[in-house]
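Student: Structure incoming, see below.
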Amino acid sequence: MMRHGKFYGSTVMGERGQIVIPAEAREEIGIEPGEKLVVLGNKRRGVVILFKSDVMTRFADMMFRKARFFEEMFSSTVEDSEQDKTKE
């Protein structure tokens, strides 16, 4: 599995703001026609990043699972602390 990315070539933006993602990148990453992409950028550095929207969905799901885990852990810690106080 590739860990640090790959250079797929270059592209040119057309007059209507459209770019073509190189075929090798589309094939390896699995980008299909009509697929939604998320666009992030950094104006100061002149960087634009594209990624498949399902990546954001998976990331959000993971974050919600982790948040739920920490909420449950915090709740049980608070409950344990309150039980310890009532025993004193």
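The values are calculated or read from the model by the stated rules, or taken from the named source; none is laboratory data. What you are looking at is a predicted structure, and each value in this text was computed from that prediction instead of being measured. Please note that ligands, DNA and RNA were not included when accessible areas were found on the heavy atoms of the full protein model with its side chains. Shrake-Rupley method; radii C 1.70, N 1.55, O 1.52, S 1.80 Å.
Student: Could you pull out the residue among Phe59, Phe74 that is aromatic (Phe, Trp, Tyr) and at pLDDT below 85?
Tutor: Phe74
Student: Right, here's the next one. Which ones in the range 25-44 are open to solvent by 70 Å² or more (accessible area, probe 1.4 Å) and closer than 19 Å to Gly5 by Cα?
Tutor: Result: Arg26, Glu27, Glu28, Ile29, Val39, Leu40.
Student: So, one more: Filter the range 77-88 down to the residues that are open to solvent by 90 Å² or more (accessible area, probe 1.4 Å) and among the charged types (D, E, K, R), then identify the one that is modelled with the lowest pLDDT.
Tutor: Glu88
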